[in-house]
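The values are calculated or read from the model by the stated rules, or taken from the named source; none is laboratory data. Please read all numbers here as calculations on a predicted model, not as lab measurements. As a convention, Cβ positions derive from the backbone with ideal geometry for all residues, glycine included, and neighbour counts pool all protein chains shown. Note: accessible area is taken over every heavy atom of the protein model, side chains too, but ligands, DNA and RNA are not part of it. Shrake-Rupley method; radii C 1.70, N 1.55, O 1.52, S 1.80 Å.
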Amino acid sequence: AMAASVLLLIAGAQWLAGIAASSEAPTARVVNLSGAQWVSGAKEYGQWSTIVSGDVLELREGMVNVFISSGVDMLIEGPAEVRFDSLDRVVVSEGQLAARVGPDAIGFSIETTHANVIDRGTSFGISVNRSEQTDVVVYDGIVDLDVVGHGQKPRRRLAAGEALRVDNRGDLSRINSIRADEFLPPPPAHISPNRRDAVIESVSDNIRLLDTAKY
């Protein structure tokens, strides 16, 4: 009887531990949508829809806000294709994405056709053209940038105020001006139509070399 009681206690402890572990596992949900239209035939997500590993968001237009309970808040603007390989690794084939990553989610990574961006506790934006390039801008904190598929190129660390482009040849270039229609601001973001009455059309400088990644 004592042995049976001990076994029941052990089983009960394991069951409770399992519940605790499952309750602490990260979860991802769509917390907001704005004008979201999904690609024909693709899975459609509504507000508070759960996202699990393997899910693909195929957005024809509009914006989606995804929150991962580990501390990752993301905005995705279509047209976009975003695959959640896991809740700490996302693959972006096309589109614009901005993320704010908390200290408990450091190491969260976003991979594109051209680059792999690893967060080190920050907010940053990514713009991906599938056939041409990946653009990365850091608003706050630090990210590590690896070039994908072009041999052993050294990792580049980007800090707040820096931005780089990786083209389809694996070459890096500095982005000297950040346009509102090319990058999303970090969440939380005020979603509003682009202004058409801008007084300043563009800004540039005369730095042409890759001596700095400052924008």
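Filter the range 153-178 down to the residues that are in contact (Cβ under 8 Å) with a residue 40 or more places away in the chain and part of a loop (DSSP other than H, G, I, E, B) and list them by number.
G161, N168, G170, I175, I178, listed by residue number.
Residue-by-condition table, conditions (1) in a strand (DSSP E or B); (2) of a type outside the set (D, E, K, R):
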| position | (1), (2) |
| --- | --- |
| E77 | yes, no |
| V82 | yes, yes |
| A98 | yes, yes |
| V128 | yes, yes |
| V137 | yes, yes |
| G149 | no, yes |
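Does the range 59-76 hold any residues that are in contact (Cβ under 8 Å) with a residue 24 or more places away in the chain and surrounded by fewer than 22 Cβ atoms within 10 Å (Cβ to Cβ), and which are they?
Correct list: E61, G62, M63, N65, F67, S69, S70, G71, D73.
Quick check on my filter: what residues within the range 129-144 are within 16 Å of R174 (Cβ to Cβ) and either touching a Gly at 6+ places or on another chain (Cβ under 6 Å) or open to solvent by 60 Å² or more (accessible area, probe 1.4 Å) (or both)?
The answer is V137, and nothing else.
Being at pLDDT below 80, within 25 Å of the chain's Cα centre (by Cα) and either loosely packed, with under 15 Cβ neighbours inside 10 Å or under 16 Å from V128 (Cβ atoms) (or both) is the filter here; which residues of the range 182-209 pass it?
Of everything in the range 182-209, those that are at pLDDT below 80, within 25 Å of the chain's Cα centre (by Cα) and either loosely packed, with under 15 Cβ neighbours inside 10 Å or under 16 Å from V128 (Cβ atoms) (or both) turn out to be P188, H190, S192, P193, N194.
Which numbered condition trips up R83, out of (1) more than 14 Å from the chain's Cα centre (by Cα); (2) surrounded by fewer than 17 Cβ atoms within 10 Å (Cβ to Cβ)?
That leaves (1) as the condition not met.
Could you tell me whether V64 is of a type in the set (V, I, T), more than 10 Å from the chain's Cα centre (by Cα) and either within 20 Å of G46 (Cα to Cα) or in a strand (DSSP E or B) (or both)?
yes
Would you be able to say whether some residue in the range 89-112 is closer than 23 Å to R208 by Cβ, open to solvent by 10 Å² or more (accessible area, probe 1.4 Å) and acidic (D, E)?
No, every residue in the range 89-112 fails to be closer than 23 Å to R208 by Cβ, open to solvent by 10 Å² or more (accessible area, probe 1.4 Å) and acidic (D, E).
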